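A.B. asks: Questions regarding the structure given below will be posed in turn.
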Amino acid sequence: MTTKETTIAAPAKVPDRSTGRPSTGRQNGAALTRERKREALRGRRASVEALATVRELLGAAPRRRDLLIEYLHRLQDRFGHLSADHLAALAHELRLAQSEVYEVATFYHHFDVVREGDAAPPMLTVRVCESLSCAMQGAQDLLARLPAVLGADVRVIAAPCIGRCEQAPAAVVGQHPIPNATLERVQAAVAAGCTTASPEAYVDREAYEAGGGYVLLAACAAGVHRVEDIIEVLSGSGLRGLGGAGFSAGRKWSIVRAEPAPRLVAINIDEGEPGTFKDRRYLEGDPHRFLEGMLIAAWAVDAAAVYIYLRDEYHACRAMLERELASLRAKPPHPAMPEIFLRRGAGAYICGEESAMIESIEGKRGMPRLRPPYVAQVGLFGRPTLEHNLETLYWVREIVEKGAAWFASHGRHGRKGLRSFSVSGRVKYPGVKLAPAGITVRELIAEYCGGMQDGHAFYAYLPGGASGGILPAAMGDVPLDFDTLQPYGCFIGSAGVIILSDRDRAMDAARNMMHFFAHESCGQCTPCRNGTAKASALIAGPRWDLPLLADLSQVMRDASICGLGQAAPNPVDCVVRYFGHELELEKGQ
């Protein structure tokens, strides 16, 4: 069956390789033979066994380039690694150059490419998060001790943020998450063979519809609501992109709607920012509230198809989404529902950037695109694309049902709206806290987190995850919202708030964050690729070369292609600006 996805992506005519012009079908037999020889893929020849395995894994699935990452996952899940033979067979099946398959497979952290002659890794891998919140709770000690406990048949590796900062230290056994991980818990999971993830209790479709779910969508599809009226409500509420960019949701819908059809929708659930986990919590609890908002957005821009990009670390969410999307396809909530495709990330923080995510959905390395053109104009498969994160769409139904004034009525200190803060670190009760926009971090800790952990005093905080900068406790009364933190060299981003105590140091936090950025840089542009690595090396020792760091920071901000390189210097710059006493103390030791 031809899908809308295929129709959108397929070119009108296939050009003749020798002339570059559309084929006329007039070549004689000899010319066709020469053409076929030229088209034969070169490089390693896949074995008969590897070809049979790949064909069995792919089954009747279409052989398309944009499904490359999905097929790499099938091989990785089956064998625990990607062999050269299987990569060659996959390239043969997809009619791709082996270099194209290899460059994608080696780009993503969750693919283990085994080169010819190298030993394959153990079938089971245990990943321990080493990002800031987990590092503060003893992740490094866990990493040091686990290999001896688990033995040579289990590989133990450090992982960047896995989106479970409120459960620090967090680990993953295969695909099974271990919250508040200890040696005993990880060892027990390995011994019991707990390597897959199952969704927890959530609001399924039946329960969601019993509470009035999909009524608004049906009314929109039936013409009860005009698109212009829905957009006006969203604009009036002040709803902005809650993935970090903060762009007006209503304005974005209007921009994409004005572009020529066919239009697409791409949903970004690749929240890889250390300190951020709100999208996971909303998806785990009430997935259809987000799905209805997504379908209303697709209706508003008259989208031909919707693509959901889910980070690979959220295994249980993927199983749940596959089940609920199957229910929607079997019994659509409205007759004109577009096709919905679920795509699986592969471990790359950069794919949280919208254009890098689109590259990944297309089966490529997740490298950001130069702009303009913008995604709203030339996005997925070259079509105008409405891109949103999960939480932004999660609010659509409630805002439309309760009105713009309801959402805008919340807020403190002159700000409007609600914010979902992912709070982790040295507080008693970490987690997702729905609070008024503009709340201060002191108020957030006292009113929503039960205060600081016993024996800990508030020392500093990261207001916007790894890239949002670091501020001292003395600046704990700054309203937390879009546009309020920029004067201090910080920003709220996706509202991942990490709390440090008097037992922590901002210098160590900056080192952890810069190590993360150096690891996660896609390598496309020199300022970010070399700059993050150089900055990480410069701050490793006790004496920081402040003039060189300042120069490096400015170059990265001015010349990096995307937000990763532009924001990566924030933690270091904030330490220099606000925590000079730490620099002096360490220098004197």
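A.B. asks: Against the definition (touching a strand residue (DSSP E or B) at 6+ places or on another chain (Cβ under 8 Å), at pLDDT 95 or above and within 26 Å of A201 (Cβ to Cβ)), how does E387 come out, yes or no? Steps first, please.
C.D. replies: Numbers: touching a strand residue (DSSP E or B) at 6+ places or on another chain (Cβ under 8 Å): yes; at pLDDT 95 or above: yes; within 26 Å of A201 (Cβ to Cβ): no.
For E387, the condition - touching a strand residue (DSSP E or B) at 6+ places or on another chain (Cβ under 8 Å), at pLDDT 95 or above and within 26 Å of A201 (Cβ to Cβ) - is not met.
A.B. asks: How many residues are surrounded by fewer than 20 Cβ atoms within 10 Å (Cβ to Cβ) and either free of Cβ contacts under 8 Å to residues at least 12 places away in the same chain or within 29 Å of P368 (Cα to Cα) (or both) when one looks only at region 546-572?
C.D. replies: The first filter runs over region 546-572 and keeps only residues surrounded by fewer than 20 Cβ atoms within 10 Å (Cβ to Cβ), leaving 546-551, 553-555, 557-559, 563, 566.
Checking the rest, the ones that are also either free of Cβ contacts under 8 Å to residues at least 12 places away in the same chain or within 29 Å of P368 (Cα to Cα) (or both) come to 547-551, 553-555, 557-559, 563, 566.
Matching residues across region 546-572 total 13.
A.B. asks: I need the full set of residues from region 271-297 which are closer than 24 Å to I470 by Cβ and not charged (D, E, K, R), in order please.
C.D. replies: The answer is G272, P274, G275, T276, F277.
A.B. asks: What number of residues in region 164-200 are surrounded by fewer than 19 Cβ atoms within 10 Å (Cβ to Cβ), touching a helix residue (DSSP H, G or I) at 6+ places or on another chain (Cβ under 9 Å) and of a type in the set (G, A, S)?
C.D. replies: Residues meeting the conditions: 1.
A.B. asks: Just to confirm my filter: which helices (runs of 4 or more DSSP H) fall fully inside region 116-204 and include at least 1 residues that are modelled with pLDDT of 95 or more, of a type in the set (K, R) and more than 21 Å from A348 (Cβ to Cβ)? Before you say what the answer is, go through the steps one by one.
C.D. replies: Details: elements: 132-136, 139-150, 183-192.
Answer list for region 116-204: 139-150, 183-192.
A.B. asks: Additional query: Pull up region 394-414, narrow it to residues that are in contact (Cβ under 8 Å) with a residue 24 or more places away in the chain and part of a loop (DSSP other than H, G, I, E, B), then point me to the one that is nearest to G285 (Cα to Cα).
C.D. replies: Restricting to residues being in contact (Cβ under 8 Å) with a residue 24 or more places away in the chain and part of a loop (DSSP other than H, G, I, E, B), the top hit is W395.
A.B. asks: Filter region 45-66 for residues that are touching a helix residue (DSSP H, G or I) at 6+ places or on another chain (Cβ under 9 Å) and over 16 Å from A88 (Cα atoms) and give the result.
C.D. replies: Of the residues in region 45-66, the ones touching a helix residue (DSSP H, G or I) at 6+ places or on another chain (Cβ under 9 Å) are 45-47, 49-55, 57-58, 61-66.
Selection gives A61, P62, D66.
A.B. asks: Follow-up. Yes or no: region 430-451 includes at least one residue that is under 24 Å from I162 (Cα atoms), assigned to a loop (DSSP other than H, G, I, E, B) and open to solvent by 10 Å² or more (accessible area, probe 1.4 Å).
C.D. replies: Yes, the conditions are met somewhere in region 430-451.
A.B. asks: Something else now. With (1) part of a loop (DSSP other than H, G, I, E, B); (2) in contact (Cβ under 8 Å) with a residue 40 or more places away in the chain; (3) farther than 27 Å from E322 by Cβ as the list, and G213 as the residue in question, which single condition is left unmet?
C.D. replies: G213 satisfies every listed condition except (3).
A.B. asks: Another question about this same structure. Evaluate the following for P179: is it under 24 Å from R318 (Cβ atoms) and without any contact (Cβ under 8 Å) to a residue 40 or more places away in the chain? Step through it out loud before you land on a result.
C.D. replies: Details: under 24 Å from R318 (Cβ atoms): yes; without any contact (Cβ under 8 Å) to a residue 40 or more places away in the chain: yes.
Spelling it out, P179 is indeed under 24 Å from R318 (Cβ atoms) and without any contact (Cβ under 8 Å) to a residue 40 or more places away in the chain.
A.B. asks: Looking at region 222-234, can you tell me whether even one residue there is surrounded by fewer than 24 Cβ atoms within 10 Å (Cβ to Cβ), of a type outside the set (A, V, I, L, M) and in contact with a Leu (Cβ under 6 Å, 6 or more places away or on another chain)?
C.D. replies: Restricting attention to region 222-234, the residues satisfying the condition of being surrounded by fewer than 24 Cβ atoms within 10 Å (Cβ to Cβ) are 222-233.
Cutting the leftovers down to of a type outside the set (A, V, I, L, M) gives us 223, 225-226, 228-229, 232.
Next cut, in contact with a Leu (Cβ under 6 Å, 6 or more places away or on another chain) only: none.
So far as region 222-234 goes, no, none of its residues is surrounded by fewer than 24 Cβ atoms within 10 Å (Cβ to Cβ), of a type outside the set (A, V, I, L, M) and in contact with a Leu (Cβ under 6 Å, 6 or more places away or on another chain).
A.B. asks: Working carefully through the options V256, V233, V306, find the one that is of a type in the set (V, I, T), within 28 Å of E362 (Cα to Cα) and part of a helix (DSSP H, G or I). Walk me through it before giving the result.
C.D. replies: Working: V233 fails: within 28 Å of E362 (Cα to Cα); V306 fails: part of a helix (DSSP H, G or I).
Within the list V256, V233, V306, the selection yields V256.
A.B. asks: Pairs, please: C-beta under 6 Å, at least 6 apart or cross-chain, first residue under 13 Å from F290 (Cβ atoms) and in region 308-323, second in a helix (DSSP H, G or I) and open to solvent by 20 Å² or more (accessible area, probe 1.4 Å)?
C.D. replies: Pairs that qualify, where the first residue is under 13 Å from F290 (Cβ atoms) and the partner is in a helix (DSSP H, G or I) and open to solvent by 20 Å² or more (accessible area, probe 1.4 Å), are L310/R318.
The values are calculated or read from the model by the stated rules, or taken from the named source; none is laboratory data. The structure displayed is predicted, hence computed values, not measured ones. Because the Cβ atoms are built from the backbone with ideal geometry, glycine has one as well, and the counts that use them run over all protein chains shown. Please note that ligands, DNA and RNA were not included when accessible areas were found on the heavy atoms of the full protein model with its side chains. Shrake-Rupley method; radii C 1.70, N 1.55, O 1.52, S 1.80 Å.
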